[in-house]
1. If you scan segment B:35-51, which residues turn out to be under 18 Å from B:Lys13 (Cβ atoms) and either near ligand 1 (Cβ under 6 Å from one of its atoms) or in a loop (DSSP other than H, G, I, E, B) (or both)?
2. B:Thr105 - would you say it is in contact with a strand residue (DSSP E or B) (Cβ under 6 Å, 6 or more places away or on another chain) and β-branched (Val, Ile, Thr)?
3. For segment B:167-225, please list each of the strands (runs of 3 or more DSSP E) lying entirely inside it that holds at least 1 residues being open to solvent by less than 10 Å² (accessible area, probe 1.4 Å).
4. Just to be sure before I move on: is B:Glu30 more than 12 Å from ligand 1 (Cβ to nearest atom), at pLDDT 90 or above and open to solvent by 60 Å² or more (accessible area, probe 1.4 Å) in the structure I sent?
5. Got at least one residue in segment B:73-95 being away from ligand 2 (no atom under 16 Å from the Cβ), in a helix (DSSP H, G or I) and out of contact with any Phe, Trp or Tyr (no Cβ under 6 Å at 6 or more places or on another chain)?
6. With the requirement that a residue be on the phi < 0 side of the Ramachandran plot, open to solvent by 30 Å² or more (accessible area, probe 1.4 Å) and within 14 Å of another protein chain (Cβ to nearest Cβ), what does segment B:96-118 give you?
7. Residue by residue through segment B:221-247, note down the ones that are among the hydroxyl-bearing types (Ser, Thr, Tyr) and more than 9 Å from B:Ile200 (Cβ to Cβ).
8. Return a yes/no flag: does segment A:53-76 have any residue that is on the phi > 0 side of the Ramachandran plot and in contact with an Asp or Glu (Cβ under 6 Å, 6 or more places away or on another chain).
Amino acid sequence: MNSNGISKEHLAYLRKVRMRKALILSLRLFLLVAVFALWELMARMKLIDPFITSQPSRIVNTIARLYQEGKLFYHTGITCLETVIGFLLGTIAGTLTAIVLWWSELLSRVLEPYLVVLNSLPKIALGPIFIVWIGAGPSSIIAIALTISLIVTILEVLNGFMSVDSEKIKLVRTFGANRLQVLTKVVLPSSYPVMINALKVNVGLSWVGVIVGEFLVSKAGLGYLIVYGGQVFQLDLVMTSVLILSIAAALMYQGVVYIERLLIRSGRHTPL
Amino acid sequence: MGAIVEVHNLGMKYHSLNGEITALEHINLEVDEGEFISIVGPSGCGKSTLLSLMAGLLKPTEGSVIIGGRQVAGPDNQVGYMLQKDYLFEWRTIYENVILGLEITRTLDSHTRAYVLKLLETYGLSEFRDKYPNQLSGGMRQRAALIRTLAVNPQILLLDEAFSALDYQTRLAVAEDIYSIIKRENKTAILVTHDIAESISMADRVVVLTKRPGTIKKIYPIRLTCDRKTPMSCREAPEFRHYFNSIWKDLDIHF
Ligand SMILES: Nc1ncnc2c1ncn2[C@@H]1O[C@H](COP(=O)(O)OP(=O)(O)OP(=O)(O)O)[C@@H](O)[C@H]1O
Ligand SMILES: [Mg+2]
C-alpha cells in the first residue's frame, strides 16, 4: 500500500473501519452511563432501596467524604501497594524457582507431586497461619497474595521452559553452549510470552489475595473498608470501595498490557 | 589432501526402559578435505545420530571420530551443524542471529565481527542485517542460517536434511545456493537427506546406510559428465539416472 495513491475503495474501507470503531466506543460509553443513570433513577423513584443497593449520587458523596477525611488515598494506596508488592514478589520468586527446577531435573521430579498438591490447595486457607506467624499487618497480606500467584507462576513458567523447541537448544549446543548459555540465549528469551502471560494472570490473583488478606487482617485498605461497611450496614461504603477497586485493578492490568506492548515494540519477542 | 574426518568402527546404542536400541554399528568412513559427502538411508537408520556423534553432541558407545587429527570429545568450532529448519531466533535481528555462535564461544571481537560483516556482504544479506527473521523469505533465512554456521569458521559442515522444511522449488534454489557458498568458502560438507536426487546432485560420494542398526551398505563415488558442476546441471547428466536407480534399489523401499 503506498500512501499517496490510495484507491477510492480503500478509502471507503478505511472510513468504514473507523466508523465501526467509533460506534463500538460510543455504545460502550452509553452502556456505562445507562447503567448508572438507571441505578440512580430507580433509587430516586424508590423502586429499589438505596440503603441496600446504594446509589451513584451517594457513592460520589462517599468518595468526597473519604477524600476530606484523608482516607481515600490512604486505603486505596495501601491496597495497591500490597498488590504490586505481592504481584512482583510472586512473579520474580516464581520465575526464579522455575529456573532452579529447570536446571535440576532431579529436584523438579522430586518436588512435582508437592507442587501439584500446593497448586490445588486453596491458598487462602493459609491466611490465618500467616497472620499467626507474621502478625496481623501488611506483611501477612502480601504473603497471602504471594502464595496465591507463586505456585501458578512456577508451574506456568516451568511448563514454558520445558516446551522450548529442543532443536533450538541443539542449535546452541552445537556451538558448545553450556547450561547457563542455553538458559540465557534460548530458554529465557523463548519464554518471554509465557512469562508475560503469567504476569497478566498474577495481577488478578494478587488482587484476590490482597482483598482476602485485608478481610482477615481488617485494619486498612479497600478490603477492610468493604468488610467494615458490610458489618455496619453501610452499603455506600461497600459499593464505593468495590468501584474504586475495579478501577484500580483495571488500571494495573492496563499497565501490564502496556509493558507487553513496549516489549513487542522493542522487537524483543513476538506476541503470543 | 588427507582425510579430515576419520570414523573408526563407530557404534551407538540408546538405552530406554523399553530396552536397548542399536542405532549404528561398525561405521568406517574417511572424508577428504573439501569433499562433499551425502548420506542416505531408510528412516530411523541413525543418520542424525551419526551427525550428532561427529558434532560431539553425543558420545559413541563404540569406536571414535577423529577430526583434523583430534578425537572428538564435545562440540567444537571445527564442526558446524545445520539443522532441518533455520531456527533463527525471532527475538534477534539477522546480525544478532549470525553472531550467536561467536557470542557463545566468546570469540566476538573486531576480527570475527569484520568476518561476519564480510559474509553478510558477500551473500547479499547486508541490507537485512537489522531486520528480524520474519521479514525474510525462506531462502534468505536459510542463507542467514548458513552464515551463522560459517561465522565460527568451521572446517566441516554437517547438514541434517537442511532443505527439507522448504517447498520443492525453494528447496532446489536453496540447495544450489548453499552448495555454491560451501564450495566458495572451501568447506568440507556432509549432507544427510531423504532425497536421492539431491544426494547425487550435490555430492562427490554418496554413502548408503542399511536400515537399523545402521551400517554402511555402499559408497558411490559420483562421476557425472556436466560442464559446470552445480547441483542443477548435474541433474541433467546422463549418468544421473543410473546412480538414482542403483541407490533406489539399495534403499529397498517397500510400501
Ligand atoms: N535419544 C534417543 N533415545 C532413544 N532412542 C533414540 C534416541 N534418538 C534416536 N533414537 C533411535 O535411534 C534410531 C536412529 O535415530 P536417528 O534420529 O539417528 O535416525 P535418522 O536416520 O536420522 O531418522 P530420520 O530419517 O527419521 O531422520 C531411531 O530408531 C530412533 O528411534
Ligand atoms: Mg534424522
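The values are calculated or read from the model by the stated rules, or taken from the named source; none is laboratory data. None of the values given here were measured: they were computed from a predicted structure. For neighbour counting, all protein chains shown are included, and Cβ atoms are generated from backbone atoms with ideal geometry for every residue, glycine included. Calculation scope for accessible area: heavy atoms of the full protein, side chains included, ligands and nucleic acids excluded. Shrake-Rupley method; radii C 1.70, N 1.55, O 1.52, S 1.80 Å.
1. B:Gly41, B:Gly44, B:Cys45, B:Gly46, B:Lys47, B:Ser48, B:Thr49
2. no
3. B:188-192, B:205-209
4. Answer is yes for this residue.
5. Within segment B:73-95, one or more residues are away from ligand 2 (no atom under 16 Å from the Cβ), in a helix (DSSP H, G or I) and out of contact with any Phe, Trp or Tyr (no Cβ under 6 Å at 6 or more places or on another chain).
6. Listed by number, the residues that qualify are B:Glu96, B:Glu103, B:Thr105, B:Thr107, B:Leu108.
7. Once the filter is applied, which keeps residues that are among the hydroxyl-bearing types (Ser, Thr, Tyr) and more than 9 Å from B:Ile200 (Cβ to Cβ), segment B:221-247 yields B:Thr225, B:Thr230, B:Ser233, B:Ser246.
8. Checking segment A:53-76: at least one residue is on the phi > 0 side of the Ramachandran plot and in contact with an Asp or Glu (Cβ under 6 Å, 6 or more places away or on another chain).
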